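In what follows, a structure is listed as C-alpha cells, so that the remarks can point back to it.
No lab work stands behind these numbers, since they all come straight from the coordinates. Values in this document were obtained by computation on a predicted structure and should not be read as measured data. As a convention, Cβ positions derive from the backbone with ideal geometry for all residues, glycine included, and neighbour counts pool all protein chains shown.
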C-alpha cells in the first residue's frame, strides 16, 4: 500500500496542507511544536478513524475554525482508495469513501492501513490492561472489520447492562447476557487468532532489534476461562451488588514476556521501550502477511529515544515500506535511505 497524497484543512495548527510522500522513507524534520506529529496523527486518523492523542474531535480543529478536514489518497493492489473525514465543531463527523458518504464508521477500515510507533507507546508495557486492549482493538479492526462491529455490539450491550445493574432492574439481564456472550465470544476468537499471529513473528522481530540478547513472547489472557454466558449468570449477584459487569472481554489483557518474565513488572526502561517497538514491528509484519502488502509505517520522534544499535536495527525494517518519520535532527537517521526530506516550521512544510 502507498499513500499518494495527504490534504489537511483546519487540522490542528494547519490551515491548509497538501503533501505528496514518496513510496520510500519520508522524513518530517523540524523543532518541537511545529506540526510534525500532526501530519502523522491525520494519517493515523484516516487508517483507524481515531486519533492516537485524543478522543475528542474538537481538539483536532484549528482554533476558531468551524471544521477540520483530512483527505488521503492511497493506492493498493486492488486500485485507488480515497478516504475523507470532515470533523465539524458542532454535529457529527462525516466520513466519505471514494467521494461517497459512508453510513457506518467501520466502512473506513481497510482502505488506508498503517502502524504508528511513538514514545507514548511505552504505556503499552507500563500501564494497565486498557492500553493493551486498545492496541488489540485497533490492530484487529484494520484487518477484520467484522471484529470492529462485534466490539460495537458488545460496547452497547455492556453499557445497557451496567445501567440495569445500577438501577437494580433485573427484568432484561438475561437478554443482555445473551448479547454480551455472543459478541464477546466472537471478540475472543478474533483476539486469540491475532495474538497467535503476533506471537509467531515477535520472537524473530525482537531478536533482531535486541541483537539476539532477548526473547519476546506475547500472550492473550482472556478474563473468561470457559463459557461467557455461564460466567455472567454466576456473577450476577456480585454484579448487582457492585453495580457493574465483572465478567467479559472488557477485562481481557495482553501479556508481554521478556525471557519468560513480565516486561511490565521486571523489564528495565530500555527493555520496555524495545519491547514496545518490537510489538509495533510485529504488528506491521502481521498486517503485511494477512493483507499481502505493507501498511504505511509512522515513526513519531522515536530515533532520539533509541540507542545507536537499536536505531541501526530499526532502519533495516524500512526497506520496501512506505515510512513517515518525524525527527528534530535528520542525522538520527544515519544509515537510512531517505527518499524525501521535508522541513516543518510554523505549520509550513517545505521540501528539504
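Find the percent of Cα-Cα distances in region 196-352 that exceed 19 Å, and round it to a whole number.
Considering region 196-352, 64 percent of its Cα-Cα pairs are separated by more than 19 Å.
Counting only C-alpha contacts under 8 Å and six or more residues apart, can you give the relative contact order of the chain as a whole percent?
It rounds to 25 percent for the chain.
Would you mind calculating the relative contact order of region 122-292 from Cα pairs under 8 angstrom and at least 6 residues apart, reporting the percent as a whole number?
Averaging sequence separation for qualifying contacts and normalising by length gives 29 percent for region 122-292.
How tilted is helix 173-209 with respect to the longest principal axis of the chain? Cα atoms for both, answer in degrees (0 to 90, nearest 10).
Its long axis makes an angle of about 40 degrees.
Can you pull the three principal axis extents for the Cα set of the chain, in Å, largest first?
65, 52, 37
In whole Å, what are the Cα extents of region 1-80 along the three principal axes, biggest one first?
39, 27, 21
What residue among 90, 139, 65 shows peak mean-square fluctuation when the chain is described by a Gaussian network model with Cα springs under 10 Å?
90
If you average over every viewing direction, what projected area does the convex hull of the Cα atoms of region 79-176 give, in nm²?
Projected area, direction-averaged: 9.7 nm².
Between residue 96 and residue 168, how many nm apart are label points set 7 Å from Cα along the C-beta direction?
Reported label-point gap for residue 96 and residue 168 is 5.4 nm.
Rounded to two decimals, what ratio of Rg to Rh does region 122-292 give with C-alpha atoms and a Kirkwood Rh?
That ratio equals 1.04.
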